[in-house]
Amino acid sequence: MKIGIVCYPTYGGSGVVATELGIELSKRGHEIHFITYKQPVRLELLTHNVHFHEVTVPEYPLFHYQPYELALSSKLVDMVKLHKIELLHVHYAIPHAYAGYMAKKMLQEEGIFLPIVTTLHGTDITLVGSHPFYKSAVTFSINKSDAVTSVSQSLKDDTLRLFDIHNDIKVVPNFIDLDKHFCEEVGCKRATLAHDNERIVTHISNFRKVKQIPDVIKVFYGIQKEMPAKLMMIGEGPEKEPAEALCRELGIEEQVVFFGNSVELDKILCYSDLFLLPSITESFGLAALEAMASSTPVISSNTGGIPEVNEHGKTGYLSKVNDVDDMVKNALSILKDDVVLRQFKKQARESSKRFDIHAIVPQYEKIYQETLKKCLVL
Ligand code: GMT
């Protein structure tokens, strides 16, 4: 099948999922066309059946805001015609589902039919999409999609609660390539990050408010009071500087390493003993799943879709948002005992297998086939 994928190409869950999906689909024989404003960060290799088409928006002084949706929908029309793309899968409703629908309507004028599959990822619904400024357009584009998926049951429930949706929403959870996250003999290199007697605690995110970064620091502060430990902070975003300031204020700056957008993510996770995700809201928590696949237990909030990923008492623990004391208590209960830690590590890896890429990607393929079939009948 020839499939167009629209996503955000930057660091962030939805772009990562879209990119990994495209790569896996290409391995399964499909021809994939990524259409976005920059080559997606995890798309290192373009092969004969993975293509990238850049959307450019020329600056014009009249425009206070550059019309990206317009440029995207025009590019979609051109690429669909040029490469005979059969179906478009858009990730993140804003503005991709809307631009996809516009492209579909333009193509219809020329007798070309293009089904649109929209995947909802989280903030496009919970934080941004439900804002009154966007709500009508988001509702419209979800209802006009030929198929809609959400990455967790929780996000589906939120969508139905916040918007007036007449379309069916199928839950297709995010997935993981277990081979990529298999931690083999990495022990010796661990010494570059921490001493043997220190536990390694890790957080990965885009450092936005929703990630509740101060709680990451406070939980770590509580842990290091009880045992030698280091905190690895991976990612870039607006909350990074305040986090560095908080570490200085608490006198733990020597124990906290800020990496920025590290490409060594998999390795750092393999050396980690614990992953922290105290987010205010999280539709799924892909970073938690990546940690689990790397045998790292997770201490998280119990918000949104996280409980569908992190199993309380098995792969880590869940606490109420902002309940730092409970998170510290849970973290220590795992970290204090080597046997308990080993058990949680094993269970985390085992549980991540529920989201094996080889089991989840066929669910998307099935949706594509059903959508194409349904649309051909209509
Ligand atoms: O978490 C972010 O701020 C990035 C955001 C995105 O759209 O890239 O992530 C959302 O989609 C991910 C992939 O489906 C989910 O794993 C994240 O939980 C979700 N983020 C939120 O809901 C805050």
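The values are calculated or read from the model by the stated rules, or taken from the named source; none is laboratory data. Note that the coordinates shown come from a computational prediction; the quantities given were computed from them, not determined experimentally. So basically every Cβ, Gly included, is an ideal-geometry build from the backbone, and we count neighbours across all protein chains shown. For accessibility, only protein heavy atoms count, side chains too; no ligands or nucleic acids. Shrake-Rupley method; radii C 1.70, N 1.55, O 1.52, S 1.80 Å.
Details
- The residues on offer are VAL328, VAL309, and the sole one that is surrounded by fewer than 23 Cβ atoms within 10 Å (Cβ to Cβ) and touching a residue at least 12 places away in the same chain (Cβ under 8 Å) is VAL328.
- When we screen LYS75, LYS105, LYS144 for residues that are open to solvent by 40 Å² or more (accessible area, probe 1.4 Å), out of contact with any helix residue (DSSP H, G or I) (no Cβ under 8 Å at 6 or more places or on another chain), touching a residue at least 24 places away in the same chain (Cβ under 8 Å) and away from the ligand (no atom under 16 Å from the Cβ), the only hit is LYS75.
- Looking across region 279-300 at every residue that is among the polar types (S, T, N, Q) and near the ligand (Cβ under 8 Å from one of its atoms), the one that is most open to solvent (accessible area, probe 1.4 Å) is identified as THR281.
- Of all residues making up region 108-126, the number that are more than 7 Å from the ligand (Cβ to nearest atom) and more than 14 Å from ILE169 (Cα to Cα): 8
- Yes/no for PHE182 being open to solvent by 50 Å² or more (accessible area, probe 1.4 Å), more than 16 Å from the ligand (Cβ to nearest atom) and of a type in the set (A, V, I, L, M, F, W, C): yes
- Selected residue (criterion: nearest to the ligand (Cβ to nearest atom)) from residues of region 89-101 that are open to solvent by 10 Å² or more (accessible area, probe 1.4 Å) and in contact with an Asp or Glu (Cβ under 7 Å, 6 or more places away or on another chain): TYR92
- Top-ranked residue in region 1-54 [being assigned to a helix (DSSP H, G or I) and more than 14 Å from the ligand (Cβ to nearest atom); ranked as surrounded by the fewest Cβ atoms within 10 Å (Cβ to Cβ)]: LYS27
- For LEU231: the one exception among (1) within 16 Å of the ligand (Cβ to nearest atom); (2) in contact with a helix residue (DSSP H, G or I) (Cβ under 7 Å, 6 or more places away or on another chain); (3) of a type in the set (A, V, I, L, M): (1)
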